[in-house]
Each structure stands twice: as C-alpha cells, then as structure tokens.
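Before any comments, here is the structure.
The values are calculated or read from the model by the stated rules, or taken from the named source; none is laboratory data. Computed from a predicted model, the values in this text were never measured in an experiment. Here the Cβ positions follow ideal geometry from the backbone for every residue, glycine too, while neighbour counts run over all protein chains shown. In case anyone asks, the SASA skips ligands and DNA or RNA and just uses the protein heavy atoms, side chains included. Shrake-Rupley method; radii C 1.70, N 1.55, O 1.52, S 1.80 Å.
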Amino acid sequence: MTFKHNFKKVLSATAFAAALVVAPAANVSAATNDASSTQQSATATSQDQQASQDQAASQSSAANQSSATAASASASTSTSSATSTSTVKKTTKKAKKTTKKSKKKAVKKVAKKTTKKKATKKAKKTSKKSTKKTTKAATAAVTASAGQSQATDQQDDAAKKAAEAAAKKAAAAKKAAAKKAAAKKAAAKKKAAAKKKAAAKKKAAAKKKAAAKKKAAKKSAEKAAKYWIAMRESGGYYTARNGSCYGRYQLLISYLGGDLSKKNQERTADRYVYGRYGSWVNAKRFWLAHNWY
C-alpha cells in the first residue's frame, strides 16, 4: 500500500513538471509571434518611408520645372516631406526598441524554459531516486514481512509438532499405564482365582479326608459291631450250631441256601443286617436292647 501511494505521488509530481515545461514553451511561442509581428510592422514602416522619399523626389523635380507658384508649393511640400521623414525615423527607432525588448523577453523566456527543463530533469532524477528508494524500501519491507511471516509459520509449525509429539507421548504413556493396570488387575484376578481354587481344593481335600475319615470310622465301627455280635452269637466260630441256626453269626440255615462257607456266611450276614437294621452298629444297639438281632 505504501509503495502504490508513493508511486501516485511521483506521477502527480511528473505531470506538474510537464505542465510547467509546456507553459513556458507556449509563452516563448507567443513572444516569438509578437517579435515577428513587430518586425513585419517595422518592414511596413520602412516601405512607407521609401515610398514617401520617392514621392518627395518626384515632387521636387516637378517643382524645379514649374513656375514661382510651383516653387512656393515645392517649399511647402519639402517641409511636409521632412516632417514625414522625422516621423519614419521615430517609428523605426521605436520598432528597433520593441524588437530588442522582444528579443530580450524571448531570451529570458528561453533561459527560463532551459532552467525549468533542468529543474524538471532534476525533479525527474530526484523522483526516480525517490521511487527507487521507495521501491527498495517497499521490497525490503515486503521481504522482511515475508521473512517474519515465514518465521512465524515455522514457529507455529514447530509448536504444532511439539504439541502433537506431546499429545502422542501422553497418549502412549496413558496407554502404557492402562495396559500395566490391566495386566496388574489380570494378575491379581488370576492370583485370587488361583487362591480361591487352592482354597476350594484344600476344602474339598479336607472334606474328602473328613469323609474318608468318617467312612473309615464308620467302617471301623461297623467292623467292631459285627465282630462284637459274632463273639456274642458264636464266640467267633463259623461251625457253631444252635438248633436251626448255624455259623459265626447264627443265621438260619435256610438263609445260607445250603452254602456253609465262610465267604457265604459273611455275605449273607451283611445282607441280612443291612436289609433289616441298616448297619451293624444299629444291629448291635438292637442286640443290646433285646439280646438278639
């Protein structure tokens, strides 16, 4: 904007100088025309003077040939011719003065025109220098502005890249923290599950052990009750006999089905007791109450 404004100023100054140059030229032309007119006037005056002189000569000749009356008229004509000659001389002097003045004016105008031309040239040179300086300054300002804009853009780009890098780093750190927390949570969950499983396994083992112990105790109690009844019924002999009862547990012979072996006696006794009392312990309890089972 500054460059355009200065350029407009220079154009205005150049136009003004051109106007000044044209005006003196017009004045010089007018002065030249005036001088030419004055010279033509002087020439006309000289011609009139020459014609008057010729007329005076002819009149003088006629006077010499005439009579005394003509001599008197000739004298009068000579006086008139002398007056006319004096007038012509004055007119010629005046014309010369006018011409000199016109020449001086023309010279002054030409000098003034030359001075104005020099001034115009100097103004043009100054204007060119000023324009160059202004252009150079404007170019430097534009270059500086462009450099500053580029530097600002570079700073903005650097700041943007730094922000993006920081955001990426923060996102990576957040992701790593989330992954670590998830891994820690998964490990804790796995550990808790393992602990729970171990506790359940331990509990199951304990339960199984307790059941086994209970079963063993029950088996032992059953064995002891069975042995106690066998000792009470037959003293523990498989061949003992009391009427229709036979063997270690004094079962009816019909129960044994003709097989008096030890194995069959044990199997038949268990089937009878579990079928009637549910266990040897219950059978023992019944025996203690009734002395038989």
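Remarks
- For the criterion of being assigned to a helix (DSSP H, G or I), at pLDDT 90 or above, on the phi < 0 side of the Ramachandran plot and aliphatic (A, V, I, L, M), residue 162 fails.
- For the stretch 241-271, a residue qualifies if it is more than 18 Å from residue 221 (Cα to Cα), in a loop (DSSP other than H, G, I, E, B) and either under 60 Å from the mean Cα position of the chain (by Cα) or in contact (Cβ under 8 Å) with a residue 12 or more places away in the chain (or both), and the qualifying residues are 247, 248, 250, 260.
- Exclusive hit being out of contact with any Phe, Trp or Tyr (no Cβ under 6 Å at 6 or more places or on another chain), at pLDDT 95 or above, under 20 Å from residue 292 (Cβ atoms) and assigned to a helix (DSSP H, G or I), set 238, 274: 274
- Selection status of residue 141, modelled with pLDDT of 75 or more, surrounded by 10 or more Cβ atoms within 10 Å (Cβ to Cβ) and either assigned to a helix (DSSP H, G or I) or in contact with a His (Cβ under 8 Å, 6 or more places away or on another chain) (or both): no
- The condition (being part of a helix (DSSP H, G or I), open to solvent by 100 Å² or more (accessible area, probe 1.4 Å) and under 30 Å from residue 279 (Cβ atoms)) is satisfied by just one residue among 201, 185, 215, 174: 215.
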